[in-house]
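Report on the structure given below.
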Amino acid sequence: MASTPEDKQRKENLAGIGCARKRKEDPRFIQGKGHYVDDIKLPDMVYGALVRSPYAHARIKGINKDAALALPGVLTVLTADDLKPLKLHWMPTLAGDVQAVLADEKVCFQQQEVAMVIATDRYIAADAVELVEVDYEELPALVDPHQAMVDDAPVIREDLVGKDEAGQGKRIHDNHIFSWEVGDKSKTDATFKKAAVTVKEEMLNQRVHPCPLETCGCVASFDKVNGHLTVHITSQAPHIVRTVVSMLSGIAESKVRIISPDIGGGFGNKVGIYPGYVVAIVASIVLGQPVKWIESRIENLSSTAFARDYHMVGELAADKNGLIQAMRVNVLADHGAFNSHAQPTKWPAGLFSICTGSYDIPVAYARVDGVYTNKAPGGVAYRCSFRVTEAVYVIERMIDVLAKKLAIDPAEIRRRNFIKADQFPYQSALGWSYDSGNYPAALDKVLEAVDYEGLRKEQAEKRARGELMGIGLSTFTEIVGAGPSKACDVLGVGMFESCEIRVHPTGSVIARIGTISQGQGHQTTYAQIIASELGIPSDQIQIEEGDTDTVPYGLGTYGSRSTPVGGAAAATAARKIRDKARKIAAHLLDVSEQDLEWDIDRFRVEGAPDQVKTMKDIAWAAYNNVPDGLEMGLESVNYYDPPNFTFPFGAYLCVVDIDKYTGETKVRRFYALDDCGTRINPMIIEGQIHGGLTEAFAVAMEQQLVFDESGSIHGNSLMDYFLPTFVETPVWETDYTVTPSPHHPLGAKGVAESPHVGGIPCFSNAVNDAFSHLDIKHINMPHSAFRVWKTIHAQGLDKRT
Amino acid sequence: MIPPEFEYHRPETIDQALVLLTQHGEEAKILAGGHSLLPLMKLRFAEPAHLVDLNFIESLRGIKESNGLIEIAAMTTESQLITSPLLLDKCPLIPDAASQIADPQVRSRGTIGGDIVHADPGNDHPAIMLALEASFVILGSNGERIVPASGFFLGAFDTQLEENEILKAIQVPVSVAGSGHAYCKLKRKTGDFATAASAVSLVVEGGVCKKINIALTNVGATALKAEAAESILTGQTLSDLLMEKAVEKAMAICDPAEDLRGDREYKIHMAGEMTRRAIREAFAKATGGG
Ligand SMILES: Cc1cc2nc3c(=O)[nH]c(=O)nc-3n(C[C@H](O)[C@H](O)[C@H](O)COP(=O)(O)OP(=O)(O)OC[C@H]3O[C@@H](n4cnc5c(N)ncnc54)[C@H](O)[C@@H]3O)c2cc1C
């Protein structure tokens, strides 16, 4: 309808869906005016600092606090024994296990929380930590999940001895947590037996850490007079924190207020509930004073949730033309000392069963076994939906392994196996119903843009000269937007999302959404959605998140769920308002509702185009002139329970040149085509893709948490742990196609994680491809210069003649 | 990541600084750029009770030339080295190496004196000093002494500098006609120390290598002078064969520690590769090809 220049102008005035609007949050961040947890200062606030274990596995024979308590300024030192009477020395995890809040008789990983010192200032607290004397008896440590499962391995979790269950099904060994299976095993096995070609490869998704720039922390403040507890916290899911805190403390949920202020990056690291938070809360309740606890970088990298550590065996069965007939995956998942991975509760391996990827694989089977080791607990979704990075890695690497075995080009084998556009909605062998997609079109667009054939020709010429050049592809499918409450819950709470919108009499709006931005730009994007739905300019729409006292219950932001679920809630809530507005407009124009049509920012009478009421007119009338029987006011709430996940996809291509004398890999070109359905703010999408690709680059090339045999962690500071700066980061080229989600109110799918999920195998495939003319089937990440050189040197490629 | 309590002193003359150092003896540490010392203090690996800050002593800054020697005051920062017209013209190896150190934040505070005295095997200036045959002007309560770089570095974090002494300045000869320099450093990322690096300073006359100094970074407890490699090339014209022989000799003296940058084998090979590249680059510069 918006055809006249005037219509176009009205639409542009809204700065709604599709507008590359500048991020509303940036003026405050780039001026240093953000307000983070560590910026919060409350009257009488005191400081907590944690005493941590130097050993990966040890018995605690005694803790002497005397010297610490004698230091002026120290208020108290809390240990497991102090928390015991409150039954808070252990806490439940989101995965059905329990986790020591402060080490109870033994420590199970290096840097485990042993005691918290509370002092009047941060410096005294740090000094007192040194004065707490802990007497340890060291025990043998297990850092390899395979070793953890041998018969006479030391037992890590003595508290579970004799229990054949740790919250997620049957245990088969003292260090075993769960087995999780999906798919048709016997049919898969039978297909493998008959298949013309099979490939099998072991591959590791190494233990990494999301490493947000802001570490974790909180300010807990208990008011002894009215019994209210307020916690400012670095949380990606404040309402879940409120529910858990209420359950643990016994304080009514209505008296607990959780506030996530500005958050300096999360990437899954800030979903969990950490011992530091719990002890700070207890300390505040005990002392009746606000207690601040903030992690250092080393503490963050060593003790809060890591990601991955999936030891996978991938297998494909195919015919001689490369058509895949079956897939089988077995995983040993290292969960560390406690099973506190953050997944929807019923999904011990997250959404790993998306591992059949973008391919029409008739039958498949996957099994994941979780095990304990003497390493920090976790297993979070690092800029991905739950375990989707691992799943996409195994299929995208395995299809290349198959291509090599059959001497089929990696682009061609993908094309042969793609789910075709007319097969959607597509039912996958492992149980998912893919909403929409067009994979061949995406791949073709990329291949053409980069002149794929030309690149392959160049590669052949370089190989003839002894040079190493690699071309990597990744044609991934993501699964995001958790999730339908019949399938997904956190501790029994369904994974819906909520939005409350209030339109004020003068036509401006406040909307509150249960998600929480950590850099995603929600203030900008949500306002655009509501702007288009309500016909009110996005600049007049305030977005509020993160305060559980004002925002309706939501499950938070992770797993790319904000746009798929939160955005849907915002659109649906806005539509409820528009429905009411239509009634008011009909009343004002003295026509029936059916006579009205929606026109960008107003209702107009069909056939009488000058008879209009703008949303601004209607907002005013909502507070003084509504039809009989209608309530005054103009507001709504929606709790959106998505009917399905969304399935964004993309086609990526990476070209690398490897220096065979140093092992350094240079990413010469990276072309990323993403399809996230309807695009709400193209500029924010672009920014999210740049960020996700940069993190993918970091994971594929260099990131790893390394442990030695004694369980000591190495590389847990930014001297070693790789966060790419502008200097290391390659140049990104981006592109898109648009295949809307049929079940989402806006057709949007979520995008911020695709570049991470799809990027990692793309880099890894490129490095592996550089060696594909040799007898090398798979090289594990990270593809650091050192590790790449090892491969080169073993092959003698660096010999000088 | 919070250091224990310490006393902070801010002398304005070298004499005041020396008095403070004598007064507090073992308990005192000099503070220069702080980019090695402060991280150690935050990790509580170093716990000095007194910090004597040299940043406010004017006479410890500046670069000047006299009698064929360039004298660089110890508190000159890396970024001042990088932009010094005098050095760029007459001793380009120092700005070249300094620009490969850490990141802009570190370079704007970190000093050449601190980098030398700290003697971290990963620090870059020690090898540069060996390659340039530098000397160090050292001040103590007994006066001034001048010590050659060769022999100054005793071990990891250990030098001939005595407690209570201040490194005042670094002297390097002005580079002569026909000379060429290069510093080739392999690192994982911005802000990282070298996996291995090699400094080469040579003089070529009529195609013949008259003189060559080769020094290696982070493949031993101290910067290493590759003398056997030097003698292979001295008095010779550069050939692939000699180059490989020299590289082999350089690799033979390496004794690196394994860490996350790589194992010993890798680091030794990288010292060789960086040496190969540095010789080539220095040669090209000396013969007008660079
Ligand atoms: C992230 C990061 C990366 C780095 N990467 C590199 C790198 O790649 N290469 C490299 O070479 N360095 C690197 N460094 C170290 C940096 O260059 C330091 O600045 C340098 O090592 C020490 O110099 P400073 O002026 O900061 O000295 P300080 O840290 O202040 O002092 C270091 C030591 O020297 C002593 N000292 C300082 N000045 C004098 C003096 N004039 N007389 C006597 N004693 C003195 C101090 O008492 C102290 O013991 C890095 C540092 C960081 C933080």
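The values are calculated or read from the model by the stated rules, or taken from the named source; none is laboratory data. Please read all numbers here as calculations on a predicted model, not as lab measurements. Backbone-built Cβ (ideal geometry, glycine too); neighbour counts: all protein chains shown. Note: areas computed on protein heavy atoms with side chains; ligands, DNA, RNA excluded. Shrake-Rupley method; radii C 1.70, N 1.55, O 1.52, S 1.80 Å.
Its DSSP H runs of at least 4 residues, each contributing -39,500 (n - 2.57), put the calculated 222 nm mean residue ellipticity of chain A at -8500 deg cm²/dmol, to the nearest 500. Taking 15 Å as the straight-line reach from the Cα of B:Lys285, the aspartates and glutamates in range (excluding those fewer than 8 positions away in the same chain) are B:Asp89, B:Asp96, B:Glu205.
Note on chain A: with charges restricted to the Cβ of Lys and Arg (+1) and Asp and Glu (-1), its dipole about the Cα centre is near 1040 debye.
Rounded to the nearest 20, the Cβ-based charge dipole of chain B about its Cα centre (Lys and Arg +1, Asp and Glu -1) stands at 900 debye. Positive-end ranking of B:Val219, B:Cys209, B:Pro126 along the dipole of chain B, with charges on Cβ about the Cα centre, is headed by B:Cys209. For A:Tyr553, the solvent-accessible surface with a 1.4 Å probe is about 40 Å², rounded to the nearest 10. For the pair segment B:207-260 / segment A:514-571, the C-alpha centres are spaced 62 Å from each other.
Charge dipole of segment B:180-286 (Cα centre as origin; +1 on each Lys and Arg Cβ, -1 on each Asp and Glu Cβ, all else neutral): 340 debye, rounded to the nearest 20. Taken as Cα centroids, segment A:284-335 and segment A:142-163 sit 19 Å apart, rounded to the nearest whole angstrom. Summarising the label geometry, the points placed 7 Å from Cα in the beta-carbon direction at A:Gln147 and B:Ile14 lie 5.5 nm from one another. For a straight C-alpha distance cut-off of 18 angstrom, the lysines reachable from A:Lys84 (same-chain residues fewer than eight places away being disregarded) are A:Lys61, A:Lys65, A:Lys106. Among the listed pairs A:Lys320/A:Lys404; A:Lys375/B:Lys185; A:Lys799/B:Lys245, those whose Cα-Cα separation exceeds 23 Å are A:Lys375/B:Lys185. On the beta carbon distance between B:Leu69 and A:Ala464, with R0 = 41 Å, the FRET formula returns roughly 0.20. Between A:His35, A:Leu14, A:Val46, the Cα set farthest toward the positive side of the dipole of segment A:1-58 (charges on each charged residue's Cβ, about the Cα centre) is that of A:Leu14.
Cross-link partners among lysines for A:Lys8, C-alpha distance below 24 Å, same-chain residues fewer than 8 apart left out? List returned: A:Lys22, A:Lys24, A:Lys613, A:Lys616.
Take the Cα of A:Glu733, step 7 Å toward its Cβ, do the same at A:Ser433, and the gap between the two points is 3.9 nm. When you restrict to C-alpha pairs under 8 Å that are six or more residues apart and normalise by the size of segment B:144-290, the relative contact order lands at 25 percent.
Give the range of the longest stretch in chain A that excludes all trypsin sites (Lys or Arg not before Pro) found in loop regions by DSSP and having at most 12 other beta-carbon atoms within 10 Å.
Details: sites that count: A:Lys33, A:Lys41, A:Lys87, A:Lys163, A:Lys224, A:Lys320, A:Lys346, A:Lys420, A:Arg465, A:Lys486, A:Lys799, A:Arg800.
By the stated rule (loop sites, at most 12 other Cβ atoms within 10 Å), A:487-798.
Using a 10 angstrom cutoff on alpha carbons, build the Gaussian network for chain B and name the most mobile of B:Ala32, B:Ala177, B:Ala127. Of the options given, B:Ala177 has the highest mean-square fluctuation. Each of A:Ala608, A:Ser560, A:Ala581 was scored by the projection of its Cα onto the charge dipole of segment A:521-651, and the greatest displacement toward the positive side belongs to A:Ser560; charges sit on the C-beta of Lys, Arg, Asp and Glu. From the Cα gyration tensor of segment A:598-724, with a ≥ b ≥ c the square roots of its eigenvalues, which class applies: rounded if a/c is under 1.5, or else prolate if a/b is larger than b/c, or else oblate? Since a/c reaches 1.5 and a/b is larger than b/c, the shape of segment A:598-724 is classed as prolate.
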